[in-house]
Amino acid sequence: MDQSAGDHRFEEGGSTVSGVLYMASSEHQRLLDEAYTTFSSSNPMHADIFPAARRMEVEVVRMTASILGGGPLGEPGVCGAMTSGGTESILTAVKASRDHAAATRGVTRPELLVAVSAHAAFFKAAEYFGMRLVRLPVGPDGRLLGRTVARRITRDTALVVASAPGFPHGVVDDVEGIAAAARRRGVLCHVDCCLGGFVLPFAARLGYPVPRFDFGVPGVTSISVDTHKFGQGHKGTSVVLYRDAGLRRFQYTSITDWTGGLYISPGFAGSRSGAVIATAWASLVRLGEDGFLRATAAIMEVATRFKDAVRDMPDLEVIGEPAASVVAFKARRNSKIDVYQVNDLMSQRGWHLNALQQPAALHICFTAAHTGPHLVEKLIKDLKECVRKVAANPAAKVEGGMAPMYGTAAAMPDRSVVGRFLVAYQDLLLDSA
Ligand SMILES: *Cc1c(COP(=O)(O)O)cnc(C)c1O
């Protein structure tokens with residue numbers, strides 16, 4: 001039985017899905033598959049038995065640090081560890097900040113300062129680690145500003161967060177201002193580069209305007225960056241980096257009195273897959289700087305073309321100044337169109353865009369999988385036609401579409417009802433085969 005029969009098929013350069021698929025070629029995918037098979041039994045927890053996985057982890061972290069302002073040409077103390085994904089990198093950095101605040105400043109009721117646009121993983125971290133989440137507003141351009149953060153830092157603040165870029169709108173927060181505000185108060189500052197870590201450094205080198213965001217900015221103390229997104233690795237790896245080894249220690253757990261032996265573990269996981277580490281290593285080594293520059297040039301080209309086209313559409317406006325590969329847009333103030341209905345029509349044509357809320361908007365995250373010939377032209381043409389259709393007939397709904405659900409959710413002031421709906425939906429996903 002072919003369990004994968006219903007799965008999306010990878011098509012070189014021809015992806016119709018926002019984000020999700022990040023690789024440029026099937027050849028790249030095959031190399032990673034081979035790396036996976038070679039190390040399929042390896043487990044870096046047993047470094048004495050599987051020395052290769054440990055070494056590859058060290059090298060992935062070093063390569064990643066070197067493109068984000070650490071290493072021989074940048075801040076020499078930058079170090080880190082691999083995790084299973086962006087969420088785990090974020091959880092790890094937040095846990096380290098909580099324990100750092102407790103150990104160095106006696107903070108017992110730690111606070112986490114994030115923009116409303118920060119990734120959901122920070123909400124999860126606050127929930128898991130018993131921290132108070134302080135959600136800060138962003139400007140009309142979608143960016144969190146240093147002065148907004150400065151006003152809200154208290155003695156209990158354990159960590160302030162900036163995104164480069166944020167998931168919803170693809171804009172880069174005022175990292176310099178935010179990190180400076182944190183530094184003045186002796187508070188740690190995390191930059192979430194899960195999405196941008198393997199794009200922004202190369203976009204900057206290609207001449208695109210990229211605000212400063214990495215360890216070169218004083219006050220930035222940790223960074224999360226996903227090898228399994230624009231690093232073009234298989235799913236299951238990410239990197240968390242720290243300015244120095246002293247900070248990294250706050251993510252460790254050491255147990256000296258366990259009857260099972262002397263125990264030290266760097267993060268959440270015990271046993272880990274050496275195979276996914278090998279795929280991340282293979283991806284970075286295969287692409288190298290040249291490969292990333294080439295991929296970024298192609299991605300930035302399609303993203304820029306799309307952004308310019310949306311700016312020319314009378315019913316839509318681009319949100320803020322997208323710095324990298326994510327372009328978000330909403331209906332113009334004087335337009336009557338419902339972007340969720342546009343999304344439903346786009347879905348009928350095979351596109352999978354991301355629906356955003358507060359405000360109602362859509363985005364597409366361009367990757368190397370969108371850089372084939374004419375794909376972006378087709379996307380622009382379809383979007384124009386779908387917008388025109390909705391404008392001509394605003395009452396028409398797509399059968400089985402998501403627009404009514406988003407419309408209803410937006411109109412519900414009681415968010416607990418929406419929450420119960422999400423929980424029931426999750427039950428269904430876990431239980432129905
Ligand atoms: C994807 C993403 C994350 C979380 O990553 P996962 O790998 O899905 O856990 C965090 N931050 C940003 C900005 C992201 O785009």
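The values are calculated or read from the model by the stated rules, or taken from the named source; none is laboratory data. This is a predicted model, so every value here is computed, not measured. Reconstructed Cβ throughout: ideal geometry from the backbone, glycine too, with neighbour counts over all protein chains shown. Side chains included, ligands, DNA and RNA excluded: accessible areas come from the protein's heavy atoms. Shrake-Rupley method; radii C 1.70, N 1.55, O 1.52, S 1.80 Å.
Candidates in the range 376-431 are the residues that are of a type in the set (Ser, Thr, Tyr) and open to solvent by less than 70 Å² (accessible area, probe 1.4 Å); of these, the one that is farthest from GLY13 (Cα to Cα) is SER416. Mind checking whether some residue in the range 262-285 is of a type in the set (A, V, I, L, M), away from the ligand (no atom under 16 Å from the Cβ), part of a helix (DSSP H, G or I) and under 30 Å from LEU379 (Cβ atoms)? Among the residues of the range 262-285, at least one is of a type in the set (A, V, I, L, M), away from the ligand (no atom under 16 Å from the Cβ), part of a helix (DSSP H, G or I) and under 30 Å from LEU379 (Cβ atoms), which makes the answer yes. Applying the condition of being part of a loop (DSSP other than H, G, I, E, B) and crowded, with 21+ Cβ neighbours inside 10 Å to the range 86-111 and asking which residue is farthest from the ligand (Cβ to nearest atom) yields VAL107.
Would you confirm whether any residue within the range 66-78 is within 16 Å of the ligand (Cβ to nearest atom) and either open to solvent by 30 Å² or more (accessible area, probe 1.4 Å) or outside any loop (DSSP other than H, G, I, E, B) (or both)? Checked against the condition, which is being within 16 Å of the ligand (Cβ to nearest atom) and either open to solvent by 30 Å² or more (accessible area, probe 1.4 Å) or outside any loop (DSSP other than H, G, I, E, B) (or both), the range 66-78 yields no hits at all. Taking (1) crowded, with 21+ Cβ neighbours inside 10 Å; (2) on the phi < 0 side of the Ramachandran plot in turn, GLY142 satisfies each apart from (2). Within the range 80-103, residues that are closer than 20 Å to MET45 by Cα have Cβ atoms under 6 Å from residues that are assigned to a helix (DSSP H, G or I) and within 12 Å of the ligand (Cβ to nearest atom) in these pairs: THR83/SER89; THR83/THR92; LEU91/ALA125, counting only partners at least 6 apart in sequence or on another chain.
Residues in the range 9-32 that are free of Cβ contacts under 8 Å to residues at least 60 places away in the same chain and either part of a helix (DSSP H, G or I) or of a type in the set (Phe, Trp, Tyr) (or both): SER26, GLU27, GLN29, ARG30. Among the conditions (1) within 21 Å of GLU289 (Cβ to Cβ); (2) touching an Asp or Glu at 6+ places or on another chain (Cβ under 8 Å); (3) buried (at least 16 other Cβ atoms within 10 Å of the Cβ), MET63 misses just one, which is (2). Assessment of the range 339-357 against the conditions (free of Cβ contacts under 8 Å to residues at least 24 places away in the same chain and more than 26 Å from GLY231 (Cα to Cα)) yields at least one matching residue.
With respect to being aromatic (Phe, Trp, Tyr), assigned to a helix (DSSP H, G or I) and either in contact with a Leu (Cβ under 8 Å, 6 or more places away or on another chain) or buried (at least 20 other Cβ atoms within 10 Å of the Cβ) (or both), PHE250 fits the description. Report yes if SER117 is within 18 Å of ILE319 (Cα to Cα), small (Gly, Ala, Ser), open to solvent by 10 Å² or more (accessible area, probe 1.4 Å) and within 14 Å of the ligand (Cβ to nearest atom), otherwise no. Yes, satisfied.
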